[in-house]
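What follows is a set of notes on a single structure, which appears directly below.
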Amino acid sequence: MQVVKYMFQPHGDERGQLVSLEEHNDIPFSIKRVYFMYDTVDNVVRGRHAHKNLQQILFCVHGSCKVRLDNGKEKKVVPLEKPYEGLYIANYMWREMFDFSEDAVLMVLASELYNEDDYIRDYDEFLEFVKAEKL
Ligand code: T46
């Protein structure tokens, strides 16, 4: 499984760091939605689903967390520890976010508006989709 993790170049100067993200230039899709999660409770696992169409890029802009990616055949754990690292997650990829530090802020840039119908929340159903789509 190929993991796509972008390392964006911060614009640093004597005042600190700034990261800029432009759709199509830095982010490979039109950004239709931004959301973020924080105050994540200790030992919690978020996600546990896949999407039919949605593409996303995840940034842990503060603190750290880990993301388990699963394409139905292979699993990989990707740590997010720097605010300039962006993890690309394509559609038909099961994801679980865990091991959040107490101060973690996980920000997500999404290619689509929120749509509950796009979620695959049952793991066996996800495997069926992978088989049917011949992914
Ligand atoms: C994903 C991972 C990385 C909204 O109303 N609008 C939104 O845009 C989102 C993302 C969520 N919600 C509501 C739906 C639920 O009542 O917020 C609540 C928590 O959402 P959810 O349980 O889906 O959160 P996570 O952390 O399990 O998953 C989220 C995204 O939903 C998902 O697309 O890929 O983060």
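Consider segment 44-68. How many of its residues are on the phi > 0 side of the Ramachandran plot and either surrounded by 22 or more Cβ atoms within 10 Å (Cβ to Cβ) or without any contact (Cβ under 8 Å) to a residue 40 or more places away in the chain (or both)?
Step one: list which residues in segment 44-68 are on the phi > 0 side of the Ramachandran plot, which gives 47-48, 63.
Okay, now just the ones that are also either surrounded by 22 or more Cβ atoms within 10 Å (Cβ to Cβ) or without any contact (Cβ under 8 Å) to a residue 40 or more places away in the chain (or both), so none.
Matching residues across segment 44-68 total 0.
Evaluate the following for Ser101: is it of a type in the set (Ser, Thr, Tyr) and without any contact (Cβ under 8 Å) to a residue 40 or more places away in the chain? Please lay out each step first, then the result.
Working: of a type in the set (Ser, Thr, Tyr): yes; without any contact (Cβ under 8 Å) to a residue 40 or more places away in the chain: yes.
Criteria met by Ser101.
Which ones in segment 102-119 are of a type in the set (Val, Ile, Thr) and away from the ligand (no atom under 11 Å from the Cβ)?
Initially, segment 102-119 is screened for residues of a type in the set (Val, Ile, Thr), giving 105, 108.
Listed by number, the list holds a single entry, Val105.
Inspect all residues belonging to segment 110-125 and state whether any of them is under 22 Å from Tyr6 (Cβ atoms) and either buried (at least 19 other Cβ atoms within 10 Å of the Cβ) or touching a Ser or Thr at 6+ places or on another chain (Cβ under 7 Å) (or both). Spell out the reasoning first.
First, pick out the residues of segment 110-125 that are under 22 Å from Tyr6 (Cβ atoms): 110-112.
Cutting the leftovers down to either buried (at least 19 other Cβ atoms within 10 Å of the Cβ) or touching a Ser or Thr at 6+ places or on another chain (Cβ under 7 Å) (or both) gives us 110-111.
The answer is yes; a qualifying residue exists.
Can you tell me which residues in segment 3-32 are surrounded by 10 or more Cβ atoms within 10 Å (Cβ to Cβ) and outside any loop (DSSP other than H, G, I, E, B)?
Those that are surrounded by 10 or more Cβ atoms within 10 Å (Cβ to Cβ) and outside any loop (DSSP other than H, G, I, E, B): Val4, Lys5, Tyr6, Glu23, Ile27.
Say we look at segment 55-65 and pick out the residues that are of a type outside the set (Phe, Trp, Tyr) and assigned to a strand (DSSP E or B); which of these is farthest from the ligand (Cβ to nearest atom)? Steps first, answer last, please.
Residues of segment 55-65 of a type outside the set (Phe, Trp, Tyr): 55-58, 60-65.
If we keep only those that are assigned to a strand (DSSP E or B) too, we end up with 56-58, 60-62, 65.
Working: Gln56: 6, Ile57: 10, Leu58: 6, Cys60: 11, Val61: 14, His62: 16, Cys65: 10 Å.
Here the answer is His62.
In segment 66-98, how many residues are assigned to a loop (DSSP other than H, G, I, E, B) and within 14 Å of the ligand (Cβ to nearest atom)? Show your work before the answer.
Of all residues in segment 66-98, those assigned to a loop (DSSP other than H, G, I, E, B) come to 71-74, 81-84, 90-93.
With within 14 Å of the ligand (Cβ to nearest atom) added as a condition, the list becomes 90-93.
Residues meeting the conditions: 4.
In segment 33-54, how many are near the ligand (Cβ under 10 Å from one of its atoms), part of a loop (DSSP other than H, G, I, E, B) and either touching an Asp or Glu at 6+ places or on another chain (Cβ under 8 Å) or under 13 Å from Asp103 (Cβ atoms) (or both)?
We begin by selecting, within segment 33-54, every residue near the ligand (Cβ under 10 Å from one of its atoms); these are 33-37, 40, 44-51, 54.
From what's left, part of a loop (DSSP other than H, G, I, E, B): 40, 44-45, 54.
Now narrow it down to the ones that are either touching an Asp or Glu at 6+ places or on another chain (Cβ under 8 Å) or under 13 Å from Asp103 (Cβ atoms) (or both): 40, 45, 54.
So the count comes out to 3.
Since every read-out is calculated from the coordinates, none of them should be taken as a lab result. Keep in mind that what you see is a predicted model, and the values were worked out from it rather than measured. Every residue, glycine among them, receives a Cβ derived from its backbone with ideal geometry; neighbour counts consider all protein chains shown.
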